[in-house]
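A.B. asks: Take this structure, written in structure tokens, and hold onto it; I'll ask about it next.
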Amino acid sequence: MMKKLLAATAITALLATTTAASAAQCTNDAWNKVMSRGKIVVGVKADYKPWGFRNSDGGLVGMEIDMAKDVAETMGVKLEMVPVQSSNRMQFLEQGKIDLMIATMSDRADRRKIVGIIQPNYYTSGTNVMSPKAVGLKKWEDLRGKPVCGKQGAFYNKIVSERYGADIIAFTGNAEAKQALRDKKCIAWVYDDSSIMSDLSSGNWDAYEMPLNSEDDNPWGLAVPPAEKDCVFGQFMTGMSFNWLQSGRLIELEKKWGIQPTAFLASQKERMKDWLDK
Amino acid sequence: MLASFQDFFRQLAEDFPRWNFIFFHDPVQADRILTGLGYTITLSIACVILSVIIGVGGAWMQGSHLRIPRMIVQGYIQFFRNTPPFVQLLFFYFALGQFTPTYSPDGWLEIPIISNVGWAIISLSFFAGAFNVEIFRAGIEAVPRSTVEAAEALGYTRLGIFRHVVLPLSFRVSLPALNNNLVNLVKTTTQAFAIAVPELLYQAVSIWNDYPSALYPAMLLLFVVYILLVGILVFGMHRWEHGMRIPGYGN
């Protein structure tokens, strides 16, 4: 009985996952599609200053948008950008709505099963909170039982609520979460430390601070469709990523967008240094 | 029994990484779904009851001889019927929420007296209530003028006529349309997600964000649960409709 049931579900599951695990043979569908239509569609963030956000004209700009431009330029194709959300970015890639995703995504083991995350990782960030100076948070344990605003789709919501007992109120977007913090609906906003830092330096959050030690430092990964990971597209992006790190291009972009320099990029540059360079 | 049920889904998740029915074998996730279900049912029941009350009250005011109450109801309908419920929710919670009294447990937090759940109930009830007013008005207009005149001749007051004659008759005419609107209302409760009400959609999205492998199963669960919830509502409404049937009147 159990076997039969399992077999039945197996068939339905199989039908629904047509794209799964056929990486053994390279069809290079996504790569060929991009090259033949002369345009690459990249999923980027539109609400994550300064990695991907809208300028005053409504155009998408930011560090990751510059990276997307590098990719299109190297491939010699036109660039189209599609804004994605943390909670739908992997689905966009799975369904072929985008060819490439550069969207501040943390590289997690369970995500690697769904999309083709490219090595080497191009950035890293830890988890921290932005909290009013008036609250005077000292340690993560201070969050226990308190309302903490967050955004749907961030992997650390679960960690913070399980490890420190914080009562996570997750909004669909950062704008809503930050508004709730301003409205004093929560004592802190949990997010990536690098993003919080850029908010604090913007001058709009003078009464706030980032009082805790960052935790769970997690590298970011850009992603291609899973079937492309070990094929032309994936290998190409690995090359792009390597060059970004080795040439110091990302450090340059970090500076351009006013992001506090991270030790990660400096150490990666050192690690990948050309041995002939003295 | 329960253990083999859990083992089956654990095995399924292992064999098919995209079909991790995590809420069937992980108690923590099961708990999240149940909490969400609780909020969804609470929202649904509260909004259905409130919106019907608003509908009846609004329809009564609309039949008033005075201009002011009629204009108020008309303005209310135009506003709530012609704007998206999603925007209403955000506006109620973020903008109006600023003006409600708050209390502070720790000197900094300002917990509003009306929580996000409260705002969701208020906002969604007003939204569905606007449609209900129109639905009941249609029912009221279907009551023959001669019936009302007969009641007037018997010396009924305006409220008396509404309560004992017009409302009972019109209610029967309105039920099918009301049924539709309430079904929509139950489904619209998912929009409370926007103001972080931890209802079923919120919990399902949280689960598939934490466990990407549970995406399809969680979506499937959402469909099944809403089919059941709406099914129960429709069943109840049909029973009610049947129970109130007057031979020779209506259908």
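Values in this text are rule-based calculations from the coordinates and carry no lab data. Keep in mind that what you see is a predicted model, and the values were worked out from it rather than measured. Neighbour counts are summed over all protein chains in view; Cβ atoms, including those assigned to glycine, are modelled from backbone coordinates with ideal geometry.
A.B. asks: Among A:MET35, A:ALA227, A:ASN121, which residue has its Cα furthest toward the positive end of the charge dipole of chain A, with +1 on Lys/Arg Cβ and -1 on Asp/Glu Cβ?
C.D. replies: Of A:MET35, A:ALA227, A:ASN121, it is A:ALA227.
A.B. asks: Mean-square fluctuation check for chain A, GNM, Cα pairs under 10 Å: which of A:GLY116, A:GLY126, A:GLY38 is largest?
C.D. replies: Largest GNM mean-square fluctuation: A:GLY38.
A.B. asks: While we're on this one: Work from the charge dipole of chain B (Cβ charges, +1 for Lys and Arg, -1 for Asp and Glu, about the Cα centre) and give the residue of B:ALA46, B:LEU12, B:GLY139 farthest towards its positive end.
C.D. replies: So the residue furthest toward the plus end is B:GLY139.
A.B. asks: Using θ = phi - 60° and the Karplus relation 6.51 cos²θ - 1.76 cosθ + 1.60, list the HN-Hα couplings for segment A:256-263 in order, rounded to whole Hz, with x at every Gly or Pro.
C.D. replies: These are the phi-based 3J(HN,Hα) values: 4, 9, x, 8, 4, x, 9, 5 Hz.
A.B. asks: Would you mind working out the magnitude of the charge dipole of the protein assembly as shown relative to its Cα centre, with +1 at each Lys and Arg C-beta and -1 at each Asp and Glu C-beta, to the nearest 20 Debye?
C.D. replies: 1180
A.B. asks: Remind me, relative contact order of chain A in percent, using alpha carbon pairs under 8 angstrom and six or more residues apart?
C.D. replies: 24
A.B. asks: Using the crude model of +1 on Lys and Arg Cβ and -1 on Asp and Glu Cβ, and no other charge, please compute the dipole size for segment B:138-251 relative to its Cα centre, in debye to 20.
C.D. replies: Its charge dipole is roughly 280 debye.
A.B. asks: Along each of its three principal axes, how wide is the spread of alpha-carbon positions in segment A:120-189, in whole angstrom units, largest first?
C.D. replies: Extents along the principal axes: 40, 25, 21 Å.
A.B. asks: Please give me, ordered by residue number, the chymotrypsin sites (Phe, Trp or Tyr not before Pro) of segment B:174-251 that lie in loop per DSSP and have at most 16 other Cβ atoms within 10 Å.
C.D. replies: Numbers: sites: B:PHE193, B:TYR202, B:TRP208, B:PHE223, B:TYR226, B:PHE235, B:TRP240, B:TYR249; in loops: B:TYR249.
In loop regions of segment B:174-251 (DSSP not H, G, I, E or B), the sparsely surrounded chymotrypsin sites (Phe, Trp or Tyr not before Pro) are B:TYR249.
A.B. asks: Also: Mean projection of the alpha-carbon convex hull of the protein assembly as shown over all orientations, in nm²?
C.D. replies: In nm², the orientation-averaged hull projection of the protein assembly as shown is 33.3.
A.B. asks: Quote the FRET efficiency, to the nearest 0.05, computed for A:SER267 versus B:MET244 with a Förster distance R0 of 56 Å and r equal to the Cβ-Cβ distance.
C.D. replies: Between A:SER267 and B:MET244 the formula returns 0.15.
A.B. asks: Still on this structure, I have one more. Of A:PHE92, A:PRO132, A:SER106, which is farthest on the positive side of the dipole of segment A:43-186, counting Cα position, with +1 on Lys and Arg Cβ, -1 on Asp and Glu Cβ, and the Cα centre as origin?
C.D. replies: A:PRO132
A.B. asks: Once you treat every alpha carbon in chain A as an equal point and sum by Debye, what is log10 I(q)/I(0) at q = 0.11 Å⁻¹?
C.D. replies: -0.70
A.B. asks: Sticking with this structure for a sec: How do B:37-48, A:262-273 rank on mean C-beta neighbours within 10 Å, highest first? Working shown, then result.
C.D. replies: Details: B:37-48: 19.6, A:262-273: 15.0.
Top of the packing list down: B:37-48, A:262-273.
A.B. asks: Along Cα→Cβ, 7 Å out, is where each label goes; now give me the distance between the ones at A:ILE159 and B:LEU96 in nm to one decimal.
C.D. replies: Roughly 4.0 nm, to one decimal.
A.B. asks: Using the Kirkwood radius over Cα pairs, work out the Stokes-Einstein diffusion coefficient for segment B:1-72 at 37 °C and 0.692 mPa s, in µm²/s as a whole number.
C.D. replies: 203
A.B. asks: Further question: Average the reciprocal distances over every distinct pair of alpha-carbons in segment A:134-278, invert the result, and give the Kirkwood radius in Å.
C.D. replies: That comes to 17.8 Å for segment A:134-278.
A.B. asks: Here is a follow-up. Say we join alpha carbon atoms closer than 10 Å with springs in a Gaussian network model of chain B; which of B:ILE140, B:ILE207, B:ILE161 then has the biggest fluctuation?
C.D. replies: Comparing B:ILE140, B:ILE207, B:ILE161 in the GNM, the peak value goes to B:ILE161.
A.B. asks: Under the definition of Cα pairs under 8 Å and six or more residues apart, what whole-number percent is the relative contact order of segment A:127-278?
C.D. replies: Normalised by residue count, the contact order of segment A:127-278 is 26 percent.
A.B. asks: Continuing with this model, one more query. Among A:LYS49/A:LYS151; A:LYS45/A:LYS256; A:LYS151/A:LYS229; A:LYS97/A:LYS178; A:LYS69/A:LYS151, which pairs are too far apart, with a Cα-Cα distance over 20 Å?
C.D. replies: Flagged as over cut-off: A:LYS151/A:LYS229; A:LYS97/A:LYS178; A:LYS69/A:LYS151.
A.B. asks: With θ set to phi - 60° and the Karplus curve 6.51 cos²θ - 1.76 cosθ + 1.60, what are the ³J(HN,Hα) couplings of segment B:112-123 in order, to the nearest whole Hz, using x for Gly and Pro?
C.D. replies: Using θ = phi - 60°, the values come out as x, 4, 9, 6, 5, 5, x, 5, 5, 5, 4, 5 Hz.
A.B. asks: If you wrap a convex hull around the C-alpha atoms of segment B:35-243 and split its volume per residue, what is the figure in Å³?
C.D. replies: 146
A.B. asks: Taking θ as phi - 60°, what are the ³J(HN,Hα) couplings along segment B:174-184 by the Karplus curve (6.51, -1.76, 1.60), each to the nearest whole Hz, with x for Gly and Pro?
C.D. replies: 7, 3, x, 5, 4, 3, 4, 5, 5, 4, 4
A.B. asks: Residues of segment A:89-117 with the amide nitrogen closer than 19 Å to a label point 7 Å from the Cα of A:LYS33, along Cα-to-Cβ, please.
C.D. replies: Output list for this probe position: A:89-103, A:114-117.
A.B. asks: Using a Cα-Cα cut-off of under 17 Å, which aspartates and glutamates could be cross-linked to A:LYS78, ignoring same-chain neighbours fewer than 8 residues away?
C.D. replies: Answer for A:LYS78, where 17 Å is the Cα cut-off: A:GLU64, A:ASP66, A:ASP70, A:ASP99, listed by chain and number.
A.B. asks: Something else: Could you tell me how far the Cα centroid of segment B:92-130 sits from the Cα centroid of segment A:68-125, in Å?
C.D. replies: If you average the Cα positions of each part, the centres end up 38 Å apart.
A.B. asks: Can you give the calculated 222 nm mean residue ellipticity of the protein assembly as shown, where each DSSP H run of n ≥ 4 adds -39,500 (n - 2.57) and the sum is split over every residue, rounded to the nearest 500 deg cm²/dmol?
C.D. replies: Helices in the protein assembly as shown give a 222 nm mean residue ellipticity of -17000 deg cm²/dmol.
A.B. asks: What size of dipole, in debye to the nearest 20, comes out for chain A about its Cα centre when the only charges are +1 on Lys and Arg C-beta atoms and -1 on Asp and Glu C-beta atoms?
C.D. replies: In debye, rounded to 20, chain A gives about 540.
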